[in-house]
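Engineer: Dumping the structure here so I can ask a few things about it.
The values are calculated or read from the model by the stated rules, or taken from the named source; none is laboratory data. Computed from a predicted model, the values in this text were never measured in an experiment. Positions of Cβ are backbone-derived with ideal geometry, glycine not excepted, and every protein chain shown enters the neighbour counts. SASA here: full protein model, heavy atoms, side chains in, ligands and nucleic acids out. Shrake-Rupley method; radii C 1.70, N 1.55, O 1.52, S 1.80 Å.
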Amino acid sequence: MRKLLVLALVGLAAQLVDGALGMAYGLTSSTLLLFAGVAPAAASASVHLAEIGTTLAAGISHWRFGNVDWRVVGRIALPGAVGSFAGATFLSSISTESAAPWMAAILFSLGAYLLVRFSRPLRANRAAGRLRSRFLAPLGLFAGFVDATGGGGWGPVATPALLVSGRMEPRKVIGSVDTSEFLVAGAASIGFLIGLGSDGFLLPTVAALLVGGLIAAPIAAWLVRIVPAQLLGAVIGGVIVLTNTRTLLRAGELGGPVPALAYSVLGAGWLVAVVLAARALRRTRRARAVAEAALAAQPAETAAAPPTDPAAGPVAATVDPVSRAGAGAAVPEEPRRLAAAVEG
């Protein structure tokens with residue numbers, strides 16, 4: 001009973017992280033199950049079966065908060081389902097001895113990616129236009145395969161790729177990725193059911209993870225608006241890296257001073273990444289505050305200037321300077337540069 005309660009708390013914490021970052025539910029849960037000695041295929045199968053319920057709840061919650069771009073969901077979810085089914089079939093066909101280091105290596109790499117990704121500011125490209133299927137489909141296919149074979153990876157692969165494109169609001173990236181994961185988790189579960197049978201699913205573990213995730217899903221959809229993802233991503237990345245290092249060291253049969261040295265180096269790197277993430281977060285907030293102050297300090301005559309379009313009428317003259325700036329009105333170069341930096 002105590003073990004199930006712990007797993008429920010893990011599911012709750014993992015869903016809160018996933019809802020705030022658009023990633024890491026599978027990574028966090030699978031890493032814990034591997035650490036507890038669960039076979040890789042059974043761990044991934046159980047996590048994905050639980051994700052069917054958690055992603056459905058997360059998708060509904062994100063939709064209610066207006067965080068979902070359904071066009072993107074439609075173009076990334078189906079290829080993701082194909083990739084996850086193939087990944088589940090592949091993982092089910094290899095031995096536990098071969099799968100453990102493979103899965104740990106994927107989780108370690110994704111954790112390291114989170115460390116690097118969130119230790120520096122995101123650069124957006126707002127002028128790049130809409131996301132196309134020729135970008136979304138291969139991304140979904142690859143992310144789905146990595147997700148099933150690694151026990152997690154849909155969010156860590158898809159979310160940063162969409163954020164870096166700069167063509168979507170961060171909250172809509174997170175909401176769309178979480179919503180599309182419903183199909184990905186369902187396809188992976190079917191693949192594991194075919195490859196492992198019903199015995200491959202640890203149903204008490206699934207139930208515990210599901211309960212915790214369902215409780216956290218609506219909270220996470222709200223938290224995505226206020227939680228500093230920059231810092232949270234770096235912290236979670238370090239946890240995943242250090243936890244999976246143990247499996248890799250065992251697979252390589254590395255003993256003596258090597259484990260202590262590896263943990264020391266990785267721990268120092270984790271600390272540096274968290275410090276850099278905190279600095280990047282402070283710089284972003286400072287730049288945003290300066291940009292907002294600069295836009296708010298525009299001369300009153302800017303707001304009172306007559307409209308350039310006679311058909312616009314006197315209503316256009318009542319728009320405040322910030323709104324006019326957001327609509328494309330003339331803004332001095334420095335405030336515009338600062339606003340662009342904040343968006344980037």
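Engineer: Per residue, how large is the accessible surface of the stretch 46-105? Use a 1.4 angstrom probe and give square angstrom.
Structural biologist: I get 41 Å² per residue for the stretch 46-105.
Engineer: Continuing with the same structure: Give, as a single signed number, the net charge of other residues whose beta carbon lies under 15 Å from the beta carbon of LEU202, with Lys and Arg counted +1 and Asp and Glu -1.
Structural biologist: -1
Engineer: Taking 0.36 nm per intervening residue step and subtracting the Cα-Cα distance, what contour gain separates ARG132 from PHE35 on full extension?
Structural biologist: Length gained, ARG132 through PHE35: 31.0 nm.
Engineer: May I pose another question? Rank by packing, highest mean first: peptides 169-178, 57-66, 149-158, with packing defined as the count of other Cβ atoms within 10 Å averaged across residues.
Structural biologist: 149-158, 169-178, 57-66
Engineer: Contour minus end-to-end for ARG120 and ALA260, with contour as 0.36 nm per residue of separation and end-to-end as the Cα-Cα distance?
Structural biologist: Result for the pair: 47.6 nm of gain on full extension.
Engineer: Report the net charge of residues surrounding ALA262, where surrounding means a beta-carbon distance below 15 angstrom and charges are Lys +1, Arg +1, Asp -1, Glu -1.
Structural biologist: +1
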